[in-house]
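The values are calculated or read from the model by the stated rules, or taken from the named source; none is laboratory data. Quick caveat, the model's predicted, so the values are computed rather than measured. Please note: Cβ atoms are built from the backbone with ideal geometry, for glycine as well, and neighbour counts cover all protein chains shown.
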Amino acid sequence: MSTLSSPIVFIVDDDEDMRLSMQRVLKTVGLRAELFAKPQDFLQRNIPDSPSCLVLDVRLPGMGGLEVQHKLIEAGINIPIIFITAHGDIPMTVKAMKSGAVEFLTKPFRHQEFLDAIQQALQRDQLSRRHRNEIAELQGRYKGLTARERKVMDLVVSGMQTKQIAAVLGTSEITAAVHRGHVMHKMQAGSPAELGSMAERLKLSANR
Amino acid sequence: MAKEDVEKTLAELSRDLGESKARLEEAQRVAHVGHWEWDLETDVVVWSDETYRIFGLSPQERPMDLATVRAMVHPDDREPLYRGVDQDLVAGQRPSGEFRIVRPSGEVRTVSSLTSERWSSLPGDTKRDASGRPYKLFGTIQDITDRKRSEEAFQEISRKLQESNAMLEEAQRIANVGYYSWNLIENRVIWSDEVYRIYGLDPRQGAIDLAKVGEMIHPEDRELVFAAAEKALQSGTPADIEHRLVRPNGEVRTIHSVGTVKRDASGRAYEMFGTAQDITERKRSEEALKRSQFYLSEGQRIAHIGSWAFDDSGHYWSDELYKIYGLDPQNGAPTVEQYLALIHPQDRASMAETIKRMQEEHRGFDQIERIIRPDGQVRYIRAVAVPVMEQGLFKGFIGTTMDVTEQELLTQELRREQAYLAEAQSLTHIGSWATNFYTKQMFHLSDETFRLHGFDPRNGPIPLEHFFETIHPEDRAGVTATLEQAIHTRTDYDIREFRVCHPDGTLRFLRTIGHHNPSSEMGYYVGITMDITQRKQAEQEREKLRQLEANLAHINRVNMMGELAAALAHEIKQPIAAAVANAGACLGFLEGERPDIFEAREAASGTIGSARRAAEIIDHVRSLFKKSFPQREPVVVNELIREVALLLHNDSRRNSVTVHLELAENLPEVAGDRVQLEQVLMNLMLNAIEAMRDAGGDLTITSQPTDDGHLVVSVRDTGLGVPANKIDQIFDTFYTTKPQGTGMGLAISRSIVESHGGRLWATSDSGRGATFRFTLPYEGSMGT
């Protein structure tokens, strides 16, 4: 894997001691850390195309950790978050977890605890990245279909035979069979069932 | 007989005849009687001279016939006369009659005509025809006009006499006047009917003898009556006497009797004639009038009321009226000008106006004015005048005048008092009243009472229910119950607080106190109602403020502690977390097959740095309390203690803690930070209250001077106390026995006290409570 694809941990904490100590802990397992004293600085950074996660202090000057999380969701940035706080209460924890936080660590935490949370976050990011890539691939293929072919794909997915498709489109059965062949090919689907699964995933991604 | 003799005899006879004719004529003329002959066949009538005269004609003026005679008979009598004549002739009777004739001059005379008996009845009379029916009538006619008139006049007189007699009788009866006639010669008395009635006798019982009359006169008056009669007989002057008589039924009547004596030509008295009048009723009413006049004047004198009347017949003033005005009755009633001069100058114009209206519009009046008596005294007079009307016509005025000086002065005094009272009520918002709640009668309601319930007293009386309806619905039942209970037990009541809603929507708090007079009837109360809204509002405000302050202080305290703790926790946790992470990293670098010693050392020194930082933070917090001295002002510690005790009133009450303040008087002021010292006191007192949270107890705060220029404040509770081995620890930072405690309170308090140059310490006997004391130097002796 290239350096681009090597994982990276973003740390946002206003306490320098805290930032440095966490960076040190990550270094023990060879993980790269990028440090930010202010959340605004992090928000301006482009998230690279590599597995990553965010360590976010709840109590931050200017903008609270939960607010940062909210802004990221709004911007459609999908990055696993580990919250750390000097004194977290239950409602705050629940709120953070509901919004998709990976872990909520209370200071002082043990370094292993911290590392476990980081690993979990990075794995989750990797999975979601792969998933996102697949969807993008499918979307690319789907974009390659003509309007007619998209219609035929819908009809196939709905479970129609070629004959029925021809009747709906008002064409000969042969023409319908040709369109169907193009769809299966372009979408790289081995069977109508596989095509159906693809359509399902496309719909999900479209709904998102 | 010789011819000469015959002639002589004839001549004599003729002379005699002539003479007798003349005599007859004369007789007829004197007696106004004429004669007539009526030839029934020819209807020729022959009249004597007198007959002509009777008919108003000259004798023998012309020959007469029936038609002429007929025409002269009065038209009304004509037909009946001749019809009667015809009927009489047919019946063989002699016609006769009275009838009226009309003379040529128009004069009407009444005549009587008779037919001669001889002429019509003589048998073989040539003046009868063969059938015996007379053909000639002879008769007389007499002018009876004058006789007729005197007859009528006589009858008229006689009728009038009867009438006047009857009227006299009636008049006598009505006037109770009778007359009597006493025949002195025969000693017989004749009485009119009324005299009988006056004496209580029956008029029909006949003559009365004098002895009986004497008996009926009242024994006491008898001598007087006879003496008067005797005197009249002697002197000739009429007797005039009032005397009493006793009627047969025993009734006594008073009689006024007058009698005159009649004498004959020789001067002998033969009769006493007079009248008797029953004056009993008049006498009685006279006496009654006299009595009532006496009472009236006496009444006026006693009541200082004068009366007057003013009409066509003059101007009357009663004696008392003169007295009221200080005038002499001899001078008579004053004129309007004189009267006005008596009126006080300030009232004169209005009185003049009143009199003017009285004269011009006939209007009565009732007013009070001042007069100045001739002796200079000023008096208040109430004068009342009423117009007298008779059948719609104005006749004059009657009136009374009363000296009301004393009443007026009292009334003025009363009005002044009332005005003061009303003013006082209005100022203090206290209304007075007297009411019977049972009968719902209201005897007295001051204006302020109306206003307290939101009513305008100028709108007149208001039923009791309306007052109740103004009471706030939530309070009504309570007020009614208290009232009913008081009425029932006949006791006083004091409703300390209830609300009323005024018609304009404002809400007022009232207090009402009712005093029941045991001797009065049930439900009768006299009382006052007062507006306590302001006091109530002030109380509420104060309570609210106090609550707010207490809450604020509490919140402040808790917040300060909480915030401080949170900030401290956060501050300290940061370096600690960093230290832990560094230590973890250090371990991480040392683990494995190829430990990274360099990194491990870096991490270890990072750990030291973080830990040191944590220590610095704690030092910094402590120094915050030591350094902050923003204020130095003179503080009266006792005042502070009272304020804090007040602030914590609710806390102590809630925990059944009784607060006792034992503060030395006249302590000098100390110089310090009022807020910080308050904080210390509150801390100690709250701790004490919390120490007695479950069991309750006594919290005693004392203040005393010490010998070395300090004052010492102690806060003692009766809680569990502090174990002896912990007594020093409790002032350490973060030491706490309370679940919610921060462990900062006593540490901070000690810092504050020490920064003021004093000391804070605690003593305790375990199980018998704890006492915290602190000292503060006086202002003057304050060290650096």
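So here's what we get for this one:
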read-out	value
Count - residues of segment B:576-587 that are buried (at least 24 other Cβ atoms within 10 Å of the Cβ) and facing chain A (nearest Cβ under 7 Å)	6
Every pair of residues 6+ apart whose Cβ atoms lie under 7 Å, when the first sits in segment B:199-218 and is of a type in the set (G, A, S) while the second is at pLDDT below 80	B:A207/B:R188
Qualifying residue in segment A:42-50 (condition: within 11 Å of chain B (Cβ to nearest Cβ) and in contact (Cβ under 8 Å) with a residue 12 or more places away in the chain)	no
Residue that is surrounded by the most Cβ atoms within 10 Å (Cβ to Cβ), among those in segment B:644-688 that are in a loop (DSSP other than H, G, I, E, B) and touching a residue at least 60 places away in the same chain (Cβ under 8 Å)	B:L648
Strands (runs of 3 or more DSSP E) completely within segment A:1-118 that count 2 or more residues being within 24 Å of B:C586 (Cβ to Cβ) and hydrophobic (A, V, I, L, M, F, W, C)	A:8-12, A:32-36, A:52-57, A:81-85
Among residues of segment B:153-183, those that are assigned to a helix (DSSP H, G or I) and within 60 Å of the chain's Cα centre (by Cα), counted	13
Residue within segment B:257-267 that is out of contact with any Ser or Thr (no Cβ under 7 Å at 6 or more places or on another chain), without any contact (Cβ under 8 Å) to a residue 24 or more places away in the chain, hydroxyl-bearing (S, T, Y) and in the same structural domain as B:F397 (by TED's automatic domain parsing) present	no
Residue within segment B:340-354 that is more than 30 Å from B:I532 (Cα to Cα) and not in a helix (DSSP H, G or I) present	yes
Candidate set from segment A:125-150 (those that are assigned to a helix (DSSP H, G or I) and in contact with a helix residue (DSSP H, G or I) (Cβ under 7 Å, 6 or more places away or on another chain)); member that is farthest from A:R180 (Cα to Cα)	A:I135
Test: B:F443 is on the phi < 0 side of the Ramachandran plot and surrounded by 12 or more Cβ atoms within 10 Å (Cβ to Cβ)	no
Residue ranges of strands (runs of 3 or more DSSP E) in segment B:487-541 with at least 2 members of a type outside the set (G, A, S), within 19 Å of B:L427 (Cα to Cα) and over 31 Å from the mean Cα position of the chain (by Cα)	B:507-516, B:524-531
Count - residues of segment B:106-147 that are surrounded by 15 or more Cβ atoms within 10 Å (Cβ to Cβ), in a helix (DSSP H, G or I) and at pLDDT below 85	2
Check on B:T68, outside any strand (DSSP E or B) and hydroxyl-bearing (S, T, Y)	yes
Some residue of segment B:756-773 being surrounded by 17 or more Cβ atoms within 10 Å (Cβ to Cβ), under 20 Å from B:I689 (Cβ atoms) and modelled with pLDDT under 80	no
Residues that are part of a helix (DSSP H, G or I) and among the hydrophobic types (A, V, I, L, M, F, W, C), drawn from segment B:393-427	B:L409, B:L410, B:L414, B:A419, B:L421, B:A422, B:A424, B:L427
Filter result for the condition that a residue is crowded, with 20+ Cβ neighbours inside 10 Å, assigned by TED's automatic domain parsing to the domain that holds B:N666 and part of a loop (DSSP other than H, G, I, E, B), over B:V715, B:V722	B:V722
Out of B:V195, B:V252, B:V246, B:V177, sole residue that is over 26 Å from B:R268 (Cβ atoms) and touching a residue at least 40 places away in the same chain (Cβ under 8 Å)	B:V177
Test for B:E643: is it at pLDDT below 90, in contact with a strand residue (DSSP E or B) (Cβ under 8 Å, 6 or more places away or on another chain) and either in the same structural domain as B:V680 (by TED's automatic domain parsing) or under 30 Å from B:A671 (Cα atoms) (or both)	no
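To keep it simple, each residue is scored yes or no on (1) farther than 13 Å from B:S113 by Cβ; (2) touching an Asp or Glu at 6+ places or on another chain (Cβ under 7 Å); (3) in contact (Cβ under 8 Å) with a residue 24 or more places away in the chain.
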residue: B:E37; (1), (2), (3): no, no, yes
residue: B:G56; (1), (2), (3): yes, yes, yes
residue: B:M72; (1), (2), (3): no, no, yes
residue: B:D76; (1), (2), (3): yes, no, yes
residue: B:E79; (1), (2), (3): yes, no, no
residue: B:R83; (1), (2), (3): yes, no, no
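To keep it simple, each residue is scored yes or no on (1) farther than 30 Å from B:R594 by Cα; (2) of a type in the set (S, T, N, Q); (3) within 14 Å of another protein chain (Cβ to nearest Cβ).
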{"residue": "A:I11", "(1), (2), (3)": "no, no, yes"}
{"residue": "A:D14", "(1), (2), (3)": "yes, no, yes"}
{"residue": "A:K27", "(1), (2), (3)": "no, no, yes"}
{"residue": "A:A37", "(1), (2), (3)": "yes, no, yes"}
{"residue": "A:Q40", "(1), (2), (3)": "yes, yes, no"}
{"residue": "A:L54", "(1), (2), (3)": "no, no, no"}
{"residue": "A:I79", "(1), (2), (3)": "yes, no, no"}
